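Below: one structure, written as structure tokens.
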Amino acid sequence: MNIFLSLLLWLNGLTLIDSDKRCIENKSLMGEYIVGEKVIVACNENIKVLKQSRDDVIKHEYIHYIYEKRQIKKTILPPKFLNYFIREYLPSDEVLFVLLHENDYSNDEELEARLFAKFPLIVLFFL
Ligand SMILES: [Zn+2]
């Protein structure tokens with residue numbers, strides 16, 4: 001794992017767990033942020049099989065932690081910018097997947113977390 005990503009987790013008092021039963025039960029699950037516990041789970045086996053970046057998965061789950069930390073039910077980016085970035089940088093099949101699988105309320109948060117996982121790590125230090 002990138003040393004700055006380790007540092008970011010440490011500064012925020014987050015614990016990283018390598019795989020748990022949820023990863024075994026759901027082979028398409030790559031990671032999870034456990035609300036209220038400050039724990040990020042990285043499903044290493046699933047990540048490997050799905051050929052994803054473990055660091056990007058952890059960055060994604062970190063954004064879910066940021067939502068909990070901020071305690072406001074709003075996206076980090078203003079809707080106008082968020083929509084622009086989603087259109088420009090997220091593949092349309094990924095957007096469609098989220099729209100079909102998440103409930104309306106969490107759509108924007110999930111898309112934004114996927115977006116931030118693609119941003120340079122330094123950005124996450126300022127959230
Ligand atoms: Zn997510």
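Taken together, the values in this text are just the output of simple stated rules run on the coordinates, not laboratory data. From a predicted model like this one, the values you see are computed outputs, not experimental measurements. FYI the Cβ positions are ideal-geometry reconstructions off the backbone, even for glycines, and counts take in every protein chain you see.
Within segment 71-120, being of a type in the set (S, T, N, Q) and within 16 Å of the ligand (Cβ to nearest atom) holds for THR75, ASN103, SER106, ASN107.
For GLU45, the stated conditions do not hold, so it cannot be described as among the charged types (D, E, K, R), within 16 Å of the ligand (Cβ to nearest atom) and surrounded by 12 or more Cβ atoms within 10 Å (Cβ to Cβ).
The set of residues in segment 95-111 that are exposed (fewer than 14 other Cβ atoms within 10 Å of the Cβ) and touching a helix residue (DSSP H, G or I) at 6+ places or on another chain (Cβ under 9 Å) comprises LEU99, HIS101. The condition of being β-branched (Val, Ile, Thr) and either within 14 Å of the ligand (Cβ to nearest atom) or surrounded by 13 or more Cβ atoms within 10 Å (Cβ to Cβ) (or both) does not hold for VAL123. For ILE72, the stated conditions do not hold, so it cannot be described as of a type in the set (Val, Ile, Thr) and under 21 Å from PHE119 (Cα atoms). Entry remark, segment 46-80: residues being closer than 20 Å to GLU109 by Cβ, of a type in the set (A, V, I, L, M, F, W, C) and more than 16 Å from the chain's Cα centre (by Cα) number 1 in total.
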